[in-house]
1. Just want to confirm a number: the relative contact order over the stretch 2-106, from Cα pairs under 8 angstrom separated by 6+ residues, in percent.
2. What is the helix-to-structure angle for 118-130, meaning the angle in degrees between its Cα long axis and the longest Cα principal axis of the chain, kept from 0 to 90 and rounded to the nearest 10?
3. Any idea what angle helix 353-365 forms with the longest principal axis of the chain, computed on alpha-carbon atoms, 0 to 90 degrees, nearest 10?
4. Within 10 Å of each candidate Cβ there may be at most 10 other Cβ atoms; applying that plus a DSSP loop requirement, which GluC sites (Glu not before Pro) in the stretch 121-207 survive?
5. Count neighbours as other Cβ atoms within 10 Å of each site's Cβ, and list the GluC sites (Glu not before Pro) in the stretch 1-109 that are DSSP loop with at most 14 such neighbours.
6. Tell me, what does the Kirkwood hydrodynamic radius of the stretch 2-106 come to in angstroms if you use every pair of distinct C-alpha atoms?
7. Per residue of the chain, what 222 nm ellipticity follows from adding -39500 (n - 2.57) for every DSSP H run with n ≥ 4, rounded to the nearest 500?
8. Beyond a 28 Å Cα-Cα separation, which of these cross-linked pairs lie in this structure: Lys89/Lys225; Lys122/Lys269; Lys82/Lys129; Lys225/Lys269?
Amino acid sequence: MKISNDYQKLADHLSQLAMSFPVRDDLMDILKEIFTQEEAGVALCVPTNVIPMNPASIETIQQSSDLPEYELQKIIDGLVQKNLLFVGKTDDGQVGYALHQVGFGFPQSFFWKREDTPHARKMAGLIGKYFNRHVTREAYGTPTKTYRYIPVAESLEPELQAVYPLHLMESVIEGANYFAVAHCPCRVAYKLSGRECDHPLEVCLKFNDLGRYLVERGLGREVSKEEALQIIRISEEAGLVHFVDNSGGEINHNCNCCGCACWNVGNIKRRKIKRDDIMATYFMRKTNTDDCAGCGDCVDICPVDALKMQENLPLVDEEWCIGCGVCATVCPTDAARMKIREDKTGELPATSPKELHQKILMEKNS
């Protein structure tokens, strides 16, 4: 049947992105819900085999389309209005368009605004069915990981902060030139599915070009640097886990995750996916035993249940600890600290998100 073939072609097309869509029957259900057949045909003309947020001009897209430019532009404008395309500047300064990639607009654009509509509820169900642990592991499971956990600053000794400033949220924010905040798409979708999570919602920070896109499309709101830092403090007080792009340079993403709803911390907490299969973790919990009061507060707050009390001291399960430093926020004696993982150098795999995703794309194509 031609309609099914069109959506199958689009699913295969989306599987060629750097942050690609693993092809499953459940993905076909999503594509049929969000794209008309005409829109699917146009989406097939938008280049793949590219990194996230790498827009192509209308002229480039038209090279793969039989439609006249005015008609093609009309359909693309409709896809933009539906928040199914990223809009940005091409290398030569033209307005350009890119397909959303996993973690870069898909499935986030359905939930960033925190809308509670029949469509949003249906998407929450479809997305929840699609992103099972197998799809999540495949999407994020390249040797070079897309994201890295950043520990709470107070969990790092001052000398570690000095040596590894790029592992501080404060440094990430200082390095950005534009700030936006949106609602956590994981927790929004979780609530739309009828489940409960009491963690803060409006804590999803995006920077620079990604932040501008969210604000321009009404998916988030612009905030100041000071407000961004305050959101980090609110997240830490709520026991949320920071992650950012697994690179240096201009960072696009900061998510603040919980073990209830979030695709990474939640799966790790429930032991559905191994930590190192989906995330980069550069730190590990250590305990200054001479200072430890044996209160167990760190065990209670650990977002992935990687601590347990043994002989009045917290024992770390180093196979599952994510080095987030959340335990340090409740330690009354400052005994909870982070150390560099012995099997990690502390060096990042790329100097920028662009280099990071070029490396990921190369790994997926190898």
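FYI, it's all coordinate maths here, none of it is from the lab. In this text the structure is predicted, and so the values were computed from the model without any measurement. With ideal geometry, Cβ positions are generated from the backbone for all residues, glycine too; neighbour counts draw on all protein chains shown.
1. Working: 144 pairs, mean separation 31.1, N = 105.
Result for the stretch 2-106 is 30 percent.
2. So the helix axis and the longest Cα principal axis differ by about 70 degrees.
3. Around 70 degrees separate the two axes.
4. In loop regions of the stretch 121-207 (DSSP not H, G, I, E or B), the sparsely surrounded GluC sites (Glu not before Pro) are Glu196.
5. Filter output for the stretch 1-109: empty list.
6. Kirkwood hydrodynamic radius for the stretch 2-106: 13.7 Å.
7. -10500 deg cm²/dmol
8. On the way: Lys89/Lys225 24 Å; Lys122/Lys269 26 Å; Lys82/Lys129 22 Å; Lys225/Lys269 32 Å.
The answer is Lys225/Lys269.
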